[in-house]
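Single-structure report; data block below.
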Amino acid sequence: MHNIVKFDELNSTNTYVKNHALTLQDKTVVTAIRQTNGRGRFDRKWDSMDGGLYFTLCLKPAKTVFLSNLTQVMSLAVCKTLNNFGAQAYIKWPNDVHVNKQKICGILSEAILNDGEFYALALGAGVNVGQKDLTKVGQPAVSLKMLGINISKEDVLDSILSVFFELYNKVLTCGFTAVREDYIKLFPFMGSAVALGAGYDVKGIIKDINSQGQLVLEDENKKEHIVLSGEIL
Ligand code: BTN
């Protein structure tokens, strides 16, 4: 069973985990029905009205070498779960989950330090489950409900956590290679021309996702770029 701490309202489940990491047990899951200050990547806001699923894991892994891949593992767990419930979801590297060019899940991971040393990871996800209308969130977005899939947030969370923790130990031991094949199957951008943004602004063709989960992109001058983080625009 998962150790889930439930709130009706928080400013942000990630912020809660960051502020309480010292007292939260490893693998605790913090959920909120709504967030008043939901946060996204690159200092963006994450609209968090009732109906969405908002949760953050407090992870205290013994090894930190593959930490950066855990957001990708979460996107894989979310994507597999949503597809098991009938969505046709795919991963937009590194860790967004989309259906038909509309965002259905975003993931934010934040390292928590204690005395200057890594102590825990707040790994948070916002999944659009029961919202009826997402026209005001500032980007094309969709929920399971809007796709005609009526499923409870509890069932979605339960499934995500089961898939995530099944993969978690494998990745902590073997790295991204443990999930690379599964990840690539849900990544439909291989061979596509894309533009990257958010820190690494380059255009090119996606050649691969390498054994470390990095994007391998070839620009118009045939120069290869290995990109650690950013986003496909
Ligand atoms: C993104 O796509 O920019 C990431 C969005 C992450 C949102 C989730 S909702 C639960 C957790 N708490 C937050 O404040 N953010 C994450």
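Screening the chain for whole DSSP H helices of 24 Å or more along their axis (Cα) with average Kyte-Doolittle hydropathy at least 0.5 returns 153-174. Relative to its residue count, the stretch 1-149 spans a Cα convex hull of 116 Å³ per residue.
Evaluated over the stretch 46-122, the count of Lys pairs having alpha-carbon atoms less than 21 Å apart is 5 (only pairs 8 or more residues apart or interchain). Put +1 on the Cβ of each Lys and Arg and -1 on the Cβ of each Asp and Glu in the chain; which of 46, 162, 139 then has its Cα farthest toward the positive end of the dipole? My answer, from the dipole projection, is 139. Adding -39500 (n - 2.57) for every DSSP H run of four residues or longer, then dividing by how many residues the chain holds, sets the calculated 222 nm ellipticity at -7000 deg cm²/dmol. Taking the fewest neighbouring Cβ atoms within 10 Å as the starting point, the ordered list for 133, 43 is 43, 133. Note on 127, 97: ascending count of other Cβ atoms within 10 Å places them as 127, 97, the fewest first. Under the rule a/c < 1.5 gives rounded, and otherwise a/b versus b/c splits prolate from oblate, where does the stretch 78-207 land using the Cα gyration tensor? Note, shape of the stretch 78-207 comes out rounded.
Shown in residue order for the stretch 33-40 are the 3J(HN,Hα) couplings computed by the Karplus curve 6.51 cos²θ - 1.76 cosθ + 1.60 at θ = phi - 60°: 5, 9, 10, 8, 9, x, 10, x Hz (x for Gly and Pro). Taking label points 7 Å from Cα along the Cα-to-Cβ direction, residue 65 and residue 6 give a separation of 4.0 nm.
Residues considered: 72, 35, 25. Largest GNM mean-square fluctuation over the chain, using C-alpha springs under 10 Å, is found at 25.
In plain terms, the residue of 232, 91 with the fewest other Cβ atoms within 10 Å comes first and the most crowded comes last, giving 232, 91.
Cross-link partners of residue 223 among lysines, defined as those whose alpha carbon lies under 22 angstrom from its own and excluding same-chain residues fewer than eight positions apart: 203, 207. Placing unit charges on the Cβ atoms only, positive for Lys and Arg and negative for Asp and Glu, gives the stretch 100-159 a dipole magnitude near 560 debye about its Cα centre. So what's the gap between the Cα centers of the stretch 141-167 and the stretch 1-59, to the nearest angstrom? The distance from the Cα centre of the stretch 141-167 to that of the stretch 1-59 comes to 16 Å.
If R0 is 30 Å, the Cβ-Cβ spacing of residue 228 and residue 173 corresponds to a FRET efficiency of close to 0.90.
Every number in this text was worked out from the coordinates using simple rules, so none of it is lab data. Not measured: the values here are computed from a predicted model. Heads up, the Cβs are rebuilt from the backbone with ideal geometry, glycines too, and the neighbour counts pull from every protein chain shown.
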